[in-house]
Structure formats: structure tokens, C-alpha cells
1. Quick one: in segment 65-75, which of the residues that are in contact with a helix residue (DSSP H, G or I) (Cβ under 7 Å, 6 or more places away or on another chain) and surrounded by fewer than 19 Cβ atoms within 10 Å (Cβ to Cβ) is modelled with the lowest pLDDT?
2. Taking segment 219-237 as the region of interest, how many residues are buried (at least 16 other Cβ atoms within 10 Å of the Cβ) and of a type outside the set (Gly, Ala, Ser)?
3. Within segment 90-100, is even one residue over 30 Å from LYS198 (Cα atoms), among the hydroxyl-bearing types (Ser, Thr, Tyr), touching a residue at least 40 places away in the same chain (Cβ under 8 Å) and in contact with a Leu (Cβ under 7 Å, 6 or more places away or on another chain)?
4. Please count how many residues of segment 287-338 are polar (S, T, N, Q), in contact (Cβ under 8 Å) with a residue 60 or more places away in the chain and either over 27 Å from ASN176 (Cα atoms) or in contact with a Lys or Arg (Cβ under 8 Å, 6 or more places away or on another chain) (or both).
5. So which of ALA115, ALA138, ALA103, ALA126 is of a type in the set (A, V, I, L, M, F, W, C) and modelled with pLDDT under 95?
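The values are calculated or read from the model by the stated rules, or taken from the named source; none is laboratory data. These numbers were taken from a predicted model, which means no experiment stands behind them. A quick note on method: Cβ atoms are made from the backbone with ideal geometry, for glycine too, and the neighbour counts reach across all protein chains shown.
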Amino acid sequence: MGLLWVDYEEEFQNLVETAYRLQVESEPEYFSSLSKKVQQIIYRDTRYNVDFLYTAYVMQDSKIMTDYAIWLYELMASILRHRYTAEEMKPYVMGHLGYIRKAIPLVVSAEKQQALDQLLVDSQEAIRQYRKEERQTAPSPYEKEISLYMQSLFDKKMRQSMYLMQRFLKEGIPINDIYTKIMAESMRRVGELWHTAKIGVDLEHYCTSATQMAMAELYPVIFATERKDKQLLCACPGRELHEMGARMLTDVFENAGWDTTYLGAAVPVDSILASIRDNPPDLVAFSVTMPQHLMDCKELVETVRQKFPSVKIAVGGRAFQSTHRIWKKWPIDFYGENAVQLLEQVNR
């Protein structure tokens, strides 16, 4: 099983298989005309839908599924915009979720059926009522810098991207602003461009890789700051592979004088616990980007709290924005929407 998939009990795997089979049986001629690759993509997408459904069910948070449904609708509407209008795409995406609804009573135990069906009903209704609104956000004070940096990424000029970090420093822009208001905002916009099918996944991945390289240009300054005798351990729990946020958080704390241990992505629980035991930190921070990894994060938080009750724990990352403030139910000390906000909370 791939790192991106959620592990769940057999009946949910059966739900994937049955929902996909119902799709095939509903349009046998259409599916027989598809290439093997396209059939595999449809199966993969069915699995992905069930992953989010399962996560919302286990975490008892409907926003995880409804936010995902809107995200899926926007993605499909962008990819197929030359074939379907935005309104025409709604029944198309709702129909995909509908096959899962039809499969639930066939393979899922009775005590789970009502809750799972309601999650899908809410998701279909969210798509039905959705109206895209243009974001009315104030322009960033660093619009010029963001534009320069993003252009260097899209031109695939790695040296230019790295040079801009030095230039921004010389112009007096605080390092925390370079991280959170220039690089992080640039990557958010890159993600939106991918989500609206304006750039491909290859360019999105390049932008991520290039930004990690550009961040290294700031390290001589970051590691020269005065130390504060504080220790941070940061990691991405479970199978979370998106580590940009965790890397930025670690660097912001390092710049504030903390000594940091950055374990990266997809770190085994035993390894995280061993690191805490061998080098007890003042703060442990876990970053989650994809909501389906929230289950792993919650389990890890509870384990750390049980084994190391005196250690402060923080969580953050984009995944938490797709919940009803779920972190408030967890045994944590801090939650931050970004690295600077978290640092400010810890320093209070």
C-alpha cells in the first residue's frame, strides 16, 4: 500500500471496491471503452474519496468531508472546464459520491451506516449550494517580492530564486516575513494555480523543491542568532509527506534562538518517542497538511502526552483548517495557524 493511503478495516476497503464496481456496472459500455490507465485513475479517486470519508467518520468532524467535497468539485471543474460548465460539473461530482452512498448498506456494518450516509449527504449538499466567490483579501505589503520570487520559480531559474533571498535580506525584510509572507504565500498561490489546473504537478513540485533550496540561503543568518537554551522537536506524523510547513516552523524557531531537531516527514512513532526520550525538548510540534493524516497526529499526540507528561505539545498545518477546531479536543498546549503565530504563543 502506498504511503498516501489511509489504513482502515476491511469493510472500508470493501466499500472502495463496491463503489467502484457500481460505477462500472452503471455504464458498462463507457467503462469498457476506457484505457486501463483511466480505469485505474477512477479507482484511485474512489479510494481517495473513501479515505476522506473514513477520516471524517473516525474524527467525528463533518467539515473534513464537506471541505474535501468542495475541493474535489473545484478541481474537477477546473480540469474539465473545456467540456463542462461549473454547474454541469456539480451532478457529475455528486454522482461519484453517490456511488459510495449506494455501496454503504451493501458492505458496511449497520451501526456505521447512518453516520457515513449523513457525511455524504452533507457533502453533496455543500456541492449543490456552492457558489465560487472571488477572494476579497487585502494585497500583501510584499506583492512585488512575491511576484519576483514566483516568476523565478516559473522560469525555473534556481539561482535567481536563491539570489532573491539574499536580496530580500539586504533590503531589510525580516526573516520571519521572508518565510511566512513571501515564501509561504508564494507556495499557497502555487497550490491554488495547480488546483485550478493552470500549472501542472511537475511545476508545483519544482516550486516546492526550489523553495527548500532557497530557504538554505537564509541559514547562515538563522544559525548565527543568540541561543536561548530552548529545544524544539518538529516532525510530520504518520504518512504525511508534505513537510514544507514543518521545515519553515523549525527555521523560524531556530531564528528565534531555539536549538531545533527537525525529523522531517513520515517518521515512525517509535523514532519520534526515542528522540524525545534521548534529548528531551521544551516543545514538540507536529505539522499536518493533508486531513487524512489527522488520525495519526491525534494518536501521536496522545502517546507523547502519556509518556512525557511534562513536555509541551503544539500542532498546526493546513489540515486543521478543514475541521471544526478539532485541536481543542486534543491534549495539546498550543495551536498555531503559522510558524510566527505559534512562536508568539509559546513566548507569552
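1. This residue is LEU75.
2. Going through segment 219-237 one residue at a time, the tally reaches 8.
3. No - not one qualifying residue is present in segment 90-100.
4. Residues flagged as polar (S, T, N, Q), in contact (Cβ under 8 Å) with a residue 60 or more places away in the chain and either over 27 Å from ASN176 (Cα atoms) or in contact with a Lys or Arg (Cβ under 8 Å, 6 or more places away or on another chain) (or both) within segment 287-338 amount to 3.
5. Of ALA115, ALA138, ALA103, ALA126, the one residue that is of a type in the set (A, V, I, L, M, F, W, C) and modelled with pLDDT under 95 is ALA138.
One line per residue, one yes/no per condition, for (1) assigned by TED's automatic domain parsing to the domain that holds ALA319; (2) surrounded by 15 or more Cβ atoms within 10 Å (Cβ to Cβ); (3) not hydrophobic (A, V, I, L, M, F, W, C):
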position: ARG47; (1), (2), (3): no, yes, yes
position: TYR57; (1), (2), (3): no, yes, yes
position: LYS63; (1), (2), (3): no, yes, yes
position: ALA77; (1), (2), (3): no, yes, no
position: ARG81; (1), (2), (3): no, no, yes
position: VAL93; (1), (2), (3): no, yes, no
position: GLN118; (1), (2), (3): no, no, yes
